[in-house]
Amino acid sequence: MGVNRRDFLKITGLGALAGAGSKVAADLVFKDQAEAREARSNKGAFVGKRWAMVVDTKKCIEKVEKDGCRDCAIACHTVHNVPDFGNPKDEIKWIWQEPYEHAFPNQHHPYTAEGLEGAPFVVFCNHCDNPPCVRVCPTKATFKREDGIVMMDFHRCIGCRFCMAACPYGSRSFNWRNPRPFIQNIQENFPTRMRGVVEKCLFCEERLAEGLSPACVEACKVKALIFGDLEDPDSEVREILHTHRSIQRKPGLGTMPQIYYIV
Amino acid sequence: MYDGGKIVAGLVVFLAVVTSPIWYNVVAGKAEYRPDPKIVSQEKQCVAPKAWMTAMHMTLLNSWRDSVVREDNRVYVAANGKTYNMSLSKTCMQCHPNKSEFCDRCHNYASVNPYCWDCHVEPKEKK
(Lines give C-alpha, C1' and ligand atoms only; values in the text may rest on other atoms or scores of the structure.)
Protein backbone atom coordinates (compact mmCIF):
# COMPACT_ATOMS: atom_id res chain seq x y z
CA MET A 1 0.00 0.00 0.00
CA GLY A 2 1.57 3.22 -1.02
CA VAL A 3 0.47 6.73 -0.20
CA ASN A 4 1.85 9.20 -2.66
CA ARG A 5 2.94 12.67 -1.74
CA ARG A 6 -0.14 14.29 -3.18
CA ASP A 7 -2.57 12.14 -1.14
CA PHE A 8 -0.50 12.56 1.99
CA LEU A 9 -0.68 16.33 1.73
CA LYS A 10 -4.42 16.18 1.09
CA ILE A 11 -5.02 14.05 4.19
CA THR A 12 -2.86 16.16 6.52
CA GLY A 13 -4.47 19.32 5.13
CA LEU A 14 -7.95 17.97 5.85
CA GLY A 15 -6.84 16.86 9.31
CA ALA A 16 -5.50 20.30 10.14
CA LEU A 17 -8.73 21.92 8.97
CA ALA A 18 -10.84 19.54 11.06
CA GLY A 19 -8.67 20.29 14.10
CA ALA A 20 -9.02 24.03 13.71
CA GLY A 21 -12.75 23.69 13.13
CA SER A 22 -13.32 21.62 16.23
CA LYS A 23 -11.48 24.22 18.30
CA VAL A 24 -13.90 26.89 17.14
CA ALA A 25 -16.86 24.60 17.74
CA ALA A 26 -15.63 23.66 21.21
CA ASP A 27 -15.22 27.32 22.13
CA LEU A 28 -18.79 27.98 21.07
CA VAL A 29 -20.12 24.99 22.99
CA PHE A 30 -18.17 25.70 26.17
CA LYS A 31 -19.01 29.37 26.18
CA ASP A 32 -22.66 28.47 25.79
CA GLN A 33 -22.38 25.98 28.60
CA ALA A 34 -21.16 28.59 31.04
CA GLU A 35 -23.93 30.92 29.97
CA ALA A 36 -26.49 28.13 30.11
CA ARG A 37 -25.44 27.31 33.64
CA GLU A 38 -26.10 30.87 34.68
CA ALA A 39 -29.41 31.05 32.83
CA ARG A 40 -30.87 27.92 34.29
CA SER A 41 -30.13 28.61 37.95
CA ASN A 42 -32.36 30.84 40.02
CA LYS A 43 -31.99 34.57 39.64
CA GLY A 44 -29.47 35.86 42.14
CA ALA A 45 -27.90 32.44 42.73
CA PHE A 46 -24.20 32.30 43.57
CA VAL A 47 -22.50 30.70 40.60
CA GLY A 48 -18.84 29.73 40.95
CA LYS A 49 -16.23 27.75 39.06
CA ARG A 50 -14.36 26.26 42.02
CA TRP A 51 -15.80 26.79 45.47
CA ALA A 52 -13.39 26.61 48.41
CA MET A 53 -13.13 27.65 52.03
CA VAL A 54 -10.36 29.29 54.03
CA VAL A 55 -10.32 28.87 57.82
CA ASP A 56 -8.58 31.61 59.79
CA THR A 57 -7.66 29.30 62.63
CA LYS A 58 -6.22 31.97 64.98
CA LYS A 59 -9.52 33.79 65.18
CA CYS A 60 -11.46 30.55 65.53
CA ILE A 61 -9.29 28.99 68.24
CA GLU A 62 -9.26 32.22 70.28
CA LYS A 63 -13.03 32.35 70.25
CA VAL A 64 -13.47 28.64 71.03
CA GLU A 65 -11.01 28.80 73.91
CA LYS A 66 -12.74 31.89 75.27
CA ASP A 67 -16.35 30.70 75.32
CA GLY A 68 -16.51 27.21 73.79
CA CYS A 69 -18.07 28.65 70.62
CA ARG A 70 -19.93 26.16 68.40
CA ASP A 71 -21.92 28.68 66.39
CA CYS A 72 -21.03 27.24 62.97
CA ALA A 73 -21.95 23.68 63.93
CA ILE A 74 -25.20 24.72 65.56
CA ALA A 75 -26.23 26.80 62.53
CA CYS A 76 -25.34 24.07 60.04
CA HIS A 77 -26.91 21.25 61.98
CA THR A 78 -30.09 23.23 62.53
CA VAL A 79 -30.76 24.24 58.93
CA HIS A 80 -29.92 20.78 57.62
CA ASN A 81 -31.96 18.79 60.14
CA VAL A 82 -28.91 16.94 61.45
CA PRO A 83 -30.03 14.67 64.30
CA ASP A 84 -28.39 14.56 67.73
CA PHE A 85 -28.41 11.00 69.02
CA GLY A 86 -26.55 12.00 72.14
CA ASN A 87 -24.03 9.20 71.80
CA PRO A 88 -20.73 9.26 69.92
CA LYS A 89 -21.25 5.87 68.29
CA ASP A 90 -24.27 7.03 66.29
CA GLU A 91 -23.11 10.63 65.94
CA ILE A 92 -23.91 12.45 62.68
CA LYS A 93 -21.72 15.44 61.92
CA TRP A 94 -21.38 17.84 59.03
CA ILE A 95 -19.01 20.30 60.74
CA TRP A 96 -17.18 19.77 64.04
CA GLN A 97 -13.91 20.35 65.90
CA GLU A 98 -10.82 18.13 66.04
CA PRO A 99 -7.64 18.70 68.05
CA TYR A 100 -4.65 19.82 65.96
CA GLU A 101 -2.88 16.45 66.11
CA HIS A 102 -5.95 14.66 64.74
CA ALA A 103 -6.74 17.20 62.06
CA PHE A 104 -3.13 17.40 60.86
CA PRO A 105 -1.43 14.13 61.88
CA ASN A 106 1.43 14.63 59.44
CA GLN A 107 2.23 18.10 60.74
CA HIS A 108 2.31 16.99 64.33
CA HIS A 109 5.64 16.18 66.05
CA PRO A 110 6.93 16.11 69.64
CA TYR A 111 8.17 19.70 69.44
CA THR A 112 5.00 21.26 68.03
CA ALA A 113 4.69 24.96 68.82
CA GLU A 114 3.11 25.74 72.14
CA GLY A 115 -0.63 26.14 72.04
CA LEU A 116 -1.14 24.11 68.89
CA GLU A 117 -1.26 20.69 70.51
CA GLY A 118 -4.86 20.02 71.48
CA ALA A 119 -6.08 23.27 69.94
CA PRO A 120 -9.52 22.88 68.35
CA PHE A 121 -9.61 23.03 64.56
CA VAL A 122 -12.90 23.26 62.76
CA VAL A 123 -13.22 20.49 60.15
CA PHE A 124 -15.81 19.42 57.57
CA CYS A 125 -15.96 17.88 54.10
CA ASN A 126 -12.91 18.97 52.13
CA HIS A 127 -14.71 18.97 48.79
CA CYS A 128 -11.62 17.38 47.30
CA ASP A 129 -10.62 17.98 43.73
CA ASN A 130 -9.84 14.27 43.52
CA PRO A 131 -12.46 12.83 45.83
CA PRO A 132 -11.94 9.16 46.75
CA CYS A 133 -15.54 8.86 47.97
CA VAL A 134 -16.77 9.60 44.44
CA ARG A 135 -14.52 6.94 42.93
CA VAL A 136 -15.84 4.18 45.15
CA CYS A 137 -19.55 4.99 45.12
CA PRO A 138 -21.23 2.13 43.22
CA THR A 139 -24.44 4.06 42.44
CA LYS A 140 -22.99 7.49 41.65
CA ALA A 141 -24.96 8.79 44.62
CA THR A 142 -21.99 10.98 45.38
CA PHE A 143 -20.42 12.94 42.56
CA LYS A 144 -18.39 16.05 41.88
CA ARG A 145 -20.25 19.01 40.46
CA GLU A 146 -18.81 21.32 37.82
CA ASP A 147 -18.24 23.94 40.49
CA GLY A 148 -16.22 21.56 42.65
CA ILE A 149 -18.85 20.72 45.25
CA VAL A 150 -18.77 17.05 46.20
CA MET A 151 -22.52 16.51 46.09
CA MET A 152 -24.70 13.74 47.45
CA ASP A 153 -27.86 12.46 45.85
CA PHE A 154 -29.59 11.02 48.91
CA HIS A 155 -32.15 9.41 46.66
CA ARG A 156 -29.54 7.08 45.24
CA CYS A 157 -27.64 6.23 48.40
CA ILE A 158 -27.95 2.53 49.19
CA GLY A 159 -26.02 2.77 52.44
CA CYS A 160 -23.07 0.58 51.46
CA ARG A 161 -20.68 2.95 53.28
CA PHE A 162 -17.81 2.49 50.80
CA CYS A 163 -17.51 6.27 50.75
CA MET A 164 -17.01 6.33 54.50
CA ALA A 165 -14.19 3.83 54.19
CA ALA A 166 -12.65 5.84 51.37
CA CYS A 167 -12.78 9.28 53.00
CA PRO A 168 -9.51 9.93 54.87
CA TYR A 169 -11.08 12.77 56.86
CA GLY A 170 -14.04 11.04 58.48
CA SER A 171 -16.31 13.61 56.89
CA ARG A 172 -19.16 11.20 56.36
CA SER A 173 -21.67 9.84 58.85
CA PHE A 174 -24.11 6.98 58.58
CA ASN A 175 -27.69 6.90 59.82
CA TRP A 176 -27.76 3.71 61.85
CA ARG A 177 -31.19 4.65 63.17
CA ASN A 178 -34.16 6.68 62.03
CA PRO A 179 -32.99 10.25 62.57
CA ARG A 180 -36.44 11.90 62.73
CA PRO A 181 -37.10 11.49 66.49
CA PHE A 182 -33.67 12.97 67.27
CA ILE A 183 -34.10 16.27 65.46
CA GLN A 184 -35.18 18.97 67.84
CA ASN A 185 -36.65 21.52 65.46
CA ILE A 186 -37.47 20.04 62.08
CA GLN A 187 -36.94 22.62 59.35
CA GLU A 188 -39.64 22.16 56.75
CA ASN A 189 -37.69 23.43 53.78
CA PHE A 190 -34.85 20.93 53.96
CA PRO A 191 -35.52 17.19 53.89
CA THR A 192 -34.23 15.03 56.71
CA ARG A 193 -32.52 11.74 55.94
CA MET A 194 -33.73 8.22 56.69
CA ARG A 195 -32.20 5.15 58.21
CA GLY A 196 -29.54 3.58 56.00
CA VAL A 197 -28.14 6.60 54.16
CA VAL A 198 -24.82 8.40 54.49
CA GLU A 199 -24.64 12.17 54.83
CA LYS A 200 -22.10 14.99 54.94
CA CYS A 201 -21.53 18.70 54.32
CA LEU A 202 -22.67 19.83 50.84
CA PHE A 203 -21.18 23.35 51.00
CA CYS A 204 -24.77 24.57 51.40
CA GLU A 205 -25.45 24.14 47.70
CA GLU A 206 -29.17 24.73 48.37
CA ARG A 207 -28.34 28.10 49.92
CA LEU A 208 -25.91 29.09 47.15
CA ALA A 209 -28.78 28.51 44.74
CA GLU A 210 -30.70 31.21 46.56
CA GLY A 211 -27.79 33.63 46.70
CA LEU A 212 -26.96 32.96 50.36
CA SER A 213 -23.53 32.06 51.69
CA PRO A 214 -23.09 28.81 53.63
CA ALA A 215 -24.81 28.70 57.02
CA CYS A 216 -21.54 28.23 58.95
CA VAL A 217 -19.95 31.24 57.27
CA GLU A 218 -22.95 33.37 58.08
CA ALA A 219 -23.03 32.19 61.70
CA CYS A 220 -19.34 32.81 62.46
CA LYS A 221 -19.16 36.02 64.48
CA VAL A 222 -15.37 36.39 64.19
CA LYS A 223 -15.37 35.85 60.42
CA ALA A 224 -12.97 32.92 60.67
CA LEU A 225 -14.62 31.11 57.74
CA ILE A 226 -14.13 32.65 54.33
CA PHE A 227 -15.94 31.10 51.38
CA GLY A 228 -15.36 31.89 47.73
CA ASP A 229 -14.46 30.99 44.19
CA LEU A 230 -10.82 29.97 43.69
CA GLU A 231 -11.01 30.53 39.95
CA ASP A 232 -11.98 34.14 40.40
CA PRO A 233 -8.64 35.97 40.74
CA ASP A 234 -10.29 38.87 42.58
CA SER A 235 -12.04 36.75 45.18
CA GLU A 236 -11.38 37.10 48.90
CA VAL A 237 -10.20 33.49 49.20
CA ARG A 238 -7.58 34.05 46.51
CA GLU A 239 -6.46 37.26 48.14
CA ILE A 240 -6.02 35.57 51.54
CA LEU A 241 -4.27 32.50 50.16
CA HIS A 242 -1.94 34.82 48.23
CA THR A 243 -0.91 36.80 51.29
CA HIS A 244 -0.88 34.10 54.01
CA ARG A 245 0.76 30.73 54.52
CA SER A 246 -1.86 28.02 54.50
CA ILE A 247 -1.98 24.27 55.07
CA GLN A 248 -4.39 21.54 54.00
CA ARG A 249 -5.40 18.32 55.73
CA LYS A 250 -3.34 15.27 54.65
CA PRO A 251 -2.35 16.73 51.27
CA GLY A 252 0.06 13.81 50.73
CA LEU A 253 -2.84 11.50 49.96
CA GLY A 254 -3.43 13.24 46.65
CA THR A 255 -7.07 14.06 47.34
CA MET A 256 -6.43 17.77 46.73
CA PRO A 257 -8.60 19.06 49.58
CA GLN A 258 -10.14 22.48 49.06
CA ILE A 259 -10.35 23.65 52.66
CA TYR A 260 -7.34 25.79 53.47
CA TYR A 261 -6.16 26.51 57.01
CA ILE A 262 -4.18 29.62 57.90
CA VAL A 263 -2.10 28.86 60.99
CA MET B 1 -77.53 -37.23 38.10
CA TYR B 2 -79.05 -37.65 41.57
CA ASP B 3 -80.48 -34.57 43.26
CA GLY B 4 -79.59 -32.43 40.23
CA GLY B 5 -82.13 -29.77 41.16
CA LYS B 6 -80.71 -29.36 44.65
CA ILE B 7 -77.15 -29.12 43.41
CA VAL B 8 -77.99 -26.48 40.79
CA ALA B 9 -80.03 -24.52 43.31
CA GLY B 10 -77.15 -24.77 45.78
CA LEU B 11 -74.72 -23.53 43.16
CA VAL B 12 -76.95 -20.59 42.31
CA VAL B 13 -77.20 -19.61 45.96
CA PHE B 14 -73.46 -20.04 46.39
CA LEU B 15 -72.67 -17.81 43.40
CA ALA B 16 -75.17 -15.21 44.56
CA VAL B 17 -73.53 -15.06 48.00
CA VAL B 18 -69.99 -14.98 46.66
CA THR B 19 -70.70 -12.19 44.19
CA SER B 20 -72.99 -10.28 46.52
CA PRO B 21 -70.45 -7.48 47.26
CA ILE B 22 -70.38 -6.66 43.57
CA TRP B 23 -74.18 -6.64 43.27
CA TYR B 24 -74.44 -4.63 46.43
CA ASN B 25 -72.16 -1.93 45.04
CA VAL B 26 -74.00 -1.87 41.71
CA VAL B 27 -77.32 -1.42 43.47
CA ALA B 28 -75.92 1.16 45.90
CA GLY B 29 -74.36 3.06 42.97
CA LYS B 30 -70.84 2.64 44.27
CA ALA B 31 -69.52 0.49 41.45
CA GLU B 32 -67.77 3.40 39.85
CA TYR B 33 -65.99 4.49 43.00
CA ARG B 34 -63.09 6.84 42.35
CA PRO B 35 -60.98 8.57 44.89
CA ASP B 36 -61.84 12.22 45.22
CA PRO B 37 -58.70 14.26 45.76
CA LYS B 38 -59.60 17.68 47.14
CA ILE B 39 -57.98 20.67 45.48
CA VAL B 40 -57.65 23.65 47.79
CA SER B 41 -55.33 25.86 45.74
CA GLN B 42 -56.60 29.29 44.75
CA GLU B 43 -54.71 28.90 41.47
CA LYS B 44 -56.59 27.65 38.44
CA GLN B 45 -53.84 25.53 37.00
CA CYS B 46 -51.32 22.97 38.08
CA VAL B 47 -47.76 23.04 36.74
CA ALA B 48 -49.06 21.05 33.76
CA PRO B 49 -52.54 20.21 32.41
CA LYS B 50 -54.65 18.29 34.91
CA ALA B 51 -55.03 15.04 33.01
CA TRP B 52 -51.31 14.90 32.42
CA MET B 53 -50.60 15.59 36.08
CA THR B 54 -52.96 12.84 37.20
CA ALA B 55 -51.18 10.31 35.04
CA MET B 56 -47.62 11.57 35.11
CA HIS B 57 -46.90 13.42 38.36
CA MET B 58 -44.55 10.68 39.59
CA THR B 59 -42.44 10.95 36.47
CA LEU B 60 -42.43 14.71 36.72
CA LEU B 61 -41.28 14.52 40.33
CA ASN B 62 -38.47 12.16 39.38
CA SER B 63 -37.26 14.50 36.69
CA TRP B 64 -37.46 17.49 39.05
CA ARG B 65 -35.44 15.58 41.60
CA ASP B 66 -32.71 14.62 39.13
CA SER B 67 -32.61 18.05 37.64
CA VAL B 68 -32.17 19.79 41.00
CA VAL B 69 -29.89 17.35 42.74
CA ARG B 70 -27.72 16.20 39.87
CA GLU B 71 -27.73 19.14 37.47
CA ASP B 72 -28.24 22.06 39.85
CA ASN B 73 -31.04 23.28 37.63
CA ARG B 74 -34.00 24.51 39.65
CA VAL B 75 -36.19 26.40 37.23
CA TYR B 76 -39.07 24.55 35.59
CA VAL B 77 -40.60 26.27 32.61
CA ALA B 78 -44.20 25.11 32.22
CA ALA B 79 -45.85 24.68 28.84
CA ASN B 80 -47.62 28.03 29.29
CA GLY B 81 -44.32 29.81 29.93
CA LYS B 82 -44.74 30.18 33.68
CA THR B 83 -41.69 29.27 35.75
CA TYR B 84 -41.64 27.26 38.97
CA ASN B 85 -38.96 26.45 41.49
CA MET B 86 -38.60 22.68 41.24
CA SER B 87 -39.25 21.58 44.79
CA LEU B 88 -41.53 19.04 46.38
CA SER B 89 -42.07 20.89 49.65
CA LYS B 90 -41.65 24.42 48.43
CA THR B 91 -43.77 24.15 45.26
CA CYS B 92 -46.13 21.15 45.07
CA MET B 93 -47.00 21.20 48.74
CA GLN B 94 -47.51 24.97 48.79
CA CYS B 95 -50.45 24.58 46.42
CA HIS B 96 -51.48 21.19 47.78
CA PRO B 97 -50.97 21.57 51.53
CA ASN B 98 -53.79 19.13 52.28
CA LYS B 99 -51.70 16.02 51.74
CA SER B 100 -54.07 13.68 53.58
CA GLU B 101 -57.06 14.79 51.51
CA PHE B 102 -55.20 15.08 48.23
CA CYS B 103 -52.14 12.91 47.64
CA ASP B 104 -53.10 10.29 50.22
CA ARG B 105 -56.67 9.77 49.02
CA CYS B 106 -55.46 8.59 45.63
CA HIS B 107 -52.48 6.76 46.98
CA ASN B 108 -54.48 4.81 49.53
CA TYR B 109 -56.92 3.82 46.82
CA ALA B 110 -54.12 2.77 44.47
CA SER B 111 -52.18 1.24 47.35
CA VAL B 112 -49.00 3.18 46.66
CA ASN B 113 -46.91 4.48 49.48
CA PRO B 114 -44.29 6.93 48.20
CA TYR B 115 -41.26 6.80 50.50
CA CYS B 116 -40.52 10.47 49.89
CA TRP B 117 -41.97 11.41 53.29
CA ASP B 118 -39.33 9.43 55.14
CA CYS B 119 -37.13 12.42 54.39
CA HIS B 120 -39.17 15.25 52.90
CA VAL B 121 -41.14 16.99 55.60
CA GLU B 122 -44.91 16.68 55.27
CA PRO B 123 -46.80 19.95 55.40
CA LYS B 124 -48.43 20.53 58.75
CA GLU B 125 -52.17 20.09 58.41
CA LYS B 126 -54.91 21.42 60.60
CA LYS B 127 -56.80 18.45 61.92
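The values are calculated or read from the model by the stated rules, or taken from the named source; none is laboratory data. Note that this is a predicted model, so its numbers are computed, not measured. Here the Cβ positions follow ideal geometry from the backbone for every residue, glycine too, while neighbour counts run over all protein chains shown. The accessibility values were calculated without ligands, DNA or RNA, using every heavy atom of the protein model including side chains. Shrake-Rupley method; radii C 1.70, N 1.55, O 1.52, S 1.80 Å.
Just a few scattered comments:
- Counting only helices (runs of 4 or more DSSP H) that sit wholly inside region A:45-134, those with at least 3 residues that are open to solvent by 40 Å² or more (accessible area, probe 1.4 Å) are A:57-67, A:71-79.
- In the condition set (1) closer than 26 Å to A:Cys157 by Cβ; (2) surrounded by fewer than 15 Cβ atoms within 10 Å (Cβ to Cβ); (3) of a type outside the set (S, T, N, Q); (4) in contact (Cβ under 8 Å) with a residue 24 or more places away in the chain, B:Glu71 is compliant with all but (4).
- Of all the numbered requirements in (1) open to solvent by 90 Å² or more (accessible area, probe 1.4 Å); (2) more than 14 Å from chain A (Cβ to nearest Cβ); (3) of a type outside the set (A, V, I, L, M); (4) closer than 20 Å to B:Cys116 by Cβ, B:Lys82 misses one, and that requirement is (4).
- Residue match in region A:84-94 (condition: modelled with pLDDT of 95 or more, of a type in the set (Val, Ile, Thr) and either in the same structural domain as A:Trp176 (by TED's automatic domain parsing) or within 24 Å of the chain's Cα centre (by Cα) (or both)): yes
- Filter pass, B:Arg65 being at pLDDT 90 or above, basic (Lys, Arg), open to solvent by less than 60 Å² (accessible area, probe 1.4 Å) and not in a loop (DSSP other than H, G, I, E, B): no
- Screening A:Pro83 with (1) within 14 Å of chain B (Cβ to nearest Cβ); (2) under 21 Å from B:Val68 (Cβ atoms); (3) in contact (Cβ under 8 Å) with a residue 40 or more places away in the chain gives one miss only, at (2).
- For region B:93-121, residues that are under 16 Å from B:Tyr33 (Cβ atoms) and within 14 Å of another protein chain (Cβ to nearest Cβ) total 0.
- Residue list for region B:79-92, restricted to those being over 22 Å from B:Pro35 (Cβ atoms), at pLDDT 90 or above and of a type outside the set (Lys, Arg): B:Thr83, B:Tyr84, B:Asn85, B:Met86, B:Ser87, B:Ser89, B:Thr91
Okay, residues lined up against (1) open to solvent by 60 Å² or more (accessible area, probe 1.4 Å); (2) of a type in the set (A, V, I, L, M); (3) touching a Phe, Trp or Tyr at 6+ places or on another chain (Cβ under 6 Å); (4) in contact (Cβ under 8 Å) with a residue 12 or more places away in the chain:
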site	(1), (2), (3), (4)
A:Phe154	no, no, no, yes
A:Cys157	no, no, no, yes
A:Cys163	no, no, no, yes
A:Ser171	no, no, no, yes
A:Ile186	yes, yes, no, yes
A:Val198	no, yes, yes, yes
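- Unmet requirement for A:Pro181, which otherwise passes all of (1) open to solvent by 30 Å² or more (accessible area, probe 1.4 Å); (2) more than 18 Å from A:Asp84 (Cβ to Cβ): (2)
- All positions within region B:79-105 that are in a helix (DSSP H, G or I) and among the acidic types (Asp, Glu): B:Asp104
- Scanning region A:253-263 for residues that are within 12 Å of A:Ile226 (Cα to Cα) and open to solvent by 30 Å² or more (accessible area, probe 1.4 Å) turns up just one, A:Tyr260.
- Among the residues of region A:214-252, those identified as surrounded by 14 or more Cβ atoms within 10 Å (Cβ to Cβ) and among the polar types (S, T, N, Q) are A:Ser235, A:Ser246, A:Gln248.
- With respect to the conditions (1) under 30 Å from A:Asn81 (Cα atoms); (2) out of contact with any strand residue (DSSP E or B) (no Cβ under 8 Å at 6 or more places or on another chain); (3) surrounded by 10 or more Cβ atoms within 10 Å (Cβ to Cβ), B:Ser111 lacks only one, and its number is (3).
- Every residue from region A:69-125 that is of a type in the set (Gly, Ala, Ser) and under 23 Å from A:Met164 (Cα atoms): A:Ala73, A:Gly86, A:Ala103
- Boolean, A:Ile186 is of a type in the set (Val, Ile, Thr) and at pLDDT below 95: yes
- Residues of region B:32-62 that are over 16 Å from the mean Cα position of the chain (by Cα), open to solvent by 50 Å² or more (accessible area, probe 1.4 Å) and under 23 Å from A:Ala209 (Cβ atoms): B:Asn62 alone.
- Evaluation of A:Glu146 against (1) in contact (Cβ under 8 Å) with a residue 40 or more places away in the chain; (2) within 24 Å of B:Trp117 (Cβ to Cβ); (3) facing chain B (nearest Cβ under 10 Å); (4) not aromatic (Phe, Trp, Tyr) (one fails), failing number: (2)
- Strands (runs of 3 or more DSSP E) fully within region A:149-263 counting 2 or more residues that are away from chain B (no Cβ under 14 Å) and under 30 Å from A:Val64 (Cα atoms): A:225-229, A:259-262
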